[in-house]
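These notes are about the structure you will find just below.
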Amino acid sequence: MALFEARGVTKRFGGLTALNGVDFALERGIVSIIGPNGAGKTTLFNVFTGLYVPDEGSVTFRGQALLGLRPDQITALGVCRTFQNIRLFANMTAIENVLVGMNSRISLGLWDVLSHSARFRQSESQLATRALGLLDRVGLQANANVVARNLPYGDRRRLELARALASQPALLLLDEPTAGMTQGEAGSLMRLLRGLVADLDLAIILIEHNMRVVMEVSDRVTVLDHGEKIAEGSPREVQASPRVIEAYLGRRGAAPRGAHGA
Amino acid sequence: MIQALLSVGLVAASALGVATFPRSVLAFLLFQGSLVFVYRARIPELLRWSLLVVALLVLMPVIGYFNGYYLEVATQVGIFVVLALGLNIVVGLAGLLDLGYVAFFAVGAYSWAIFGSPHANVIFGGGFPLAGGWFYPFLVVGLCTAALTGVLLGLPVLRLHGDYLAIVTLGFGEVIRVLANNLDKPINITNGPKGITPISRPPTPFGLPYGEYFYFLVLLLVVVVVIVNRRLENSHIGRAWEAIREDELAARSMGVPLVRMKLMAFACGASFAGIMGVLFSAKQVFINPESFTFLESIGVLAMVILGGMGSIPGAILGATVVTVLNLQVLKGFSLWLNELKNAGVTVLGYSLADLPTQFEPAKYERMVFGIILVLMMIFRPQGIFPARRRQRELTPHGS
């Protein structure tokens, strides 16, 4: 049984079919989802994380159906994500952002908070230590007390990654994590992801436009176009697929369409 | 060092000033200002807090001995501080704009007013009013009733944000007031616009006069509420509320249970108002729907915004400034202008006594208040004491 599996996912917005019977499965490692703009990649993520309810299809994680669960319940099960357009808690510090990510792992009640019980104090200091560890992992330890809004762009991307990791996911969904980064920054982020996969037994689904990154880091690649899966396989297989070349370059090898940028 | 001497000197001098000129509004304002100075001054924490404790526990009641009205002002300030702190949770932390907050105050007030007065006999037949001692358990009853009302308001508005939420809460506030106004038929529950009186007061310990008693009780509740507020703020609950305020969708995706946290914010905010409502009805002995108008909700919101949203010292200062402004400064200004009129003073050859009645000073009150709010929003939109992020110790292992 696959760790994560989606079958026949269809999502329509009025007359527009954003996803049409998409199948997807993931056992381990890093799987990239690529495709031109408007292919339905982010919609698929929103279905996976409970933000959208699909019109048809099923999504299971470790054999449990995710459809009908709330986003926070899905996070608690071990699926967490980042966003294409960085959605940090802008007026909170970096470490507070990470602490919010741990919310689903805290089992303390109102009474523990109000009475400042020993359990509460112990939990808070453990959380802070863990949060600092995560910030350290993404290279943001020195900025722990900086308000997220004041962080440089690349740091905000990495903070979002740390926040998602805070929920101790088994599956991480990253929506264009290298957007706006230089080739060098993107490379170091990918090394970080590889390290996470190895150390934390983490599986990652990546939406990415940076083809060099995708081809380097992915174990498998899924290609979407117009809401349908048009190819799937190893990076090499996908690169050679005529349908993929057509989707990206057009039928007669005309100007590339939406191969970069968001 | 200079600041330490200055702090002690200011508090002592202003307290002496109030004792010497018990009728001078200026002296009392100076006393309040000195407390703010002490709070902000760069002095040892021990000195700061002992000065504040002495001022509030000893000097204030003594001042009240010279001029009872000042104690009344201080008590009212305390009541509004608690209301502002409660609304601060809903608006400042969780970012849920609530324009009907005073409804929870009303729920608390009526819960004691009905059972603590002979009025309950109309509903239940006999055996009322409850003895004054029941006031204390009713603080909890008022808290729970208001919290429950908060959840009831929260349920239908869970999907609403910003403007839409504001309009619905505004409507809710009005519904509660209109209910209070009209529930005298078919069963007389609230006694309608006539209000309920006399409401029982608890027996005071040590034979304290009621002015002092309510002052100390309010002070105690303020301290409790500040502690509760701080603990909530510095916990996963407070962080979840702030995350909802910053980005609801991201908060949900990071594992924040939206429904539970929003309802908890409404319930916590409402419970503060509920407990104060019980105290308010006992203190006033008489309540009617007029005390719970939309303008009161706006007033409490103005306190939170003026002080600085999401900031506990801000809410306290905002409540103090607005209450003192309304009760003392603007009233004092009105009286002063009236005296000038009666004394026949002329300005640039124009006799003030000829001012048409439309310009009567009493009518300036709201206007001056409005102008101050507008100026504040232009020149210091973040509030007087804006919320500061908690800085954490950066020791990687341990802490």
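Where a number appears in this text, it was derived from the coordinates with a stated rule and is not lab data. All values reported here derive from a predicted model rather than from experimental measurement. Cβ coordinates were reconstructed from backbone atoms using ideal geometry, including for glycine residues, and neighbour counts include every protein chain displayed.
Overview of values
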item	result
Rg(Cα)/(2.2 N^0.38 Å) for the stretch A:89-167, N = residue count	1.12
Relative counts (whole %) of C-alpha pair distances in the stretch B:64-141, using bins that are 10 Å wide	16, 30, 32, 19, 2
Normalised contact order of the stretch B:158-222, rounded percent, pairs of Cα under 8 Å and 6 or more residues apart	14 percent
Kyte-Doolittle mean at least 0.5, axial Cα span of 27 Å or more - DSSP H helices of chain B	B:68-87, B:135-154, B:162-182, B:210-233, B:258-284
Dipole magnitude of the stretch B:67-379, debye to nearest 20 (Cβ charges: Lys/Arg +1, Asp/Glu -1, about Cα centre)	520 debye
Mean separation of Cα contacts under 8 Å (6+ apart) over length of the stretch A:127-209, as relative contact order %	30 percent
Where only alpha carbons of the stretch B:268-349 are counted, the Rg and the Dmax (Å)	17.5, 58
Theoretical ellipticity at 222 nm over chain A - DSSP helices of four or more residues, -39500 (n - 2.57) apiece, nearest 500	-11500 deg cm²/dmol
Nitroxide proxy distance, nm - points 7 Å out along Cα→Cβ at residue A:145 and residue B:72	4.7 nm
GluC sites (Glu not before Pro) restricted to the stretch A:21-114 and DSSP loop, no more than 15 other C-beta within 10 Å	A:27
Cβ-derived FRET efficiency at R0 30 Å, residue B:159 paired with residue A:192, nearest 0.05	0.20
Fewest-first ranking of B:374, B:368, using other Cβ atoms within 10 Å as the exposure measure	B:374, B:368
Sorted by Cβ neighbour density within 10 Å, fewest at the top, the residues A:52, B:69, B:215	B:69, A:52, B:215
Efficiency of FRET between residue A:25 and residue A:185 - r from beta-carbon atoms, R0 30 angstrom, step 0.05	0.45
Kirkwood hydrodynamic radius of the stretch B:1-66, from inverse mean 1/r over distinct Cα pairs, in Å	11.7 Å
Rg over Rh [alpha-carbon atoms, Kirkwood Rh] for the protein assembly as shown	1.07
Label-point gap, in nm, between residue B:62 and residue B:260 - each point 7 angstrom along Cα→Cβ	5.1 nm
Burial ordering of B:161, B:119, fewest other beta-carbon atoms within 10 Å first	B:161, B:119
Computed helical MRE - 222 nm, chain B, DSSP H runs ≥ 4 contributing -39500 (n - 2.57), nearest 500	-21000 deg cm²/dmol
Rg ratio (alpha-carbon, reference 2.2 N^0.38 Å) - chain A	1.05
Peptides ranked, highest mean first, by Cβ atoms within 10 Å: ranges B:219-226, B:182-189, B:83-90	B:83-90, B:219-226, B:182-189
Label point distance in nm, residue B:343-residue B:12, each placed 7 Å from Cα along Cα→Cβ	3.4 nm
Hits among aspartates and glutamates - C-alpha to C-alpha of residue A:229 under 14 Å, sequence gap 8 or more where chains match	A:23, A:246
Convex hull (Cα only) mean projected area of the stretch B:67-379, reported in nm² to one decimal	19.5 nm²
Estimated FRET transfer efficiency (residue A:228, residue A:105; beta-carbon r; R0 25 Å; 0.05)	0.10
Translational D in µm²/s for the stretch A:1-147 (Stokes-Einstein at 10 °C, 1.306 mPa s, Kirkwood Rh from C-alpha pairs)	89 µm²/s
Rg and Dmax of the stretch B:1-117, Cα atoms only, in Å	17.8, 55
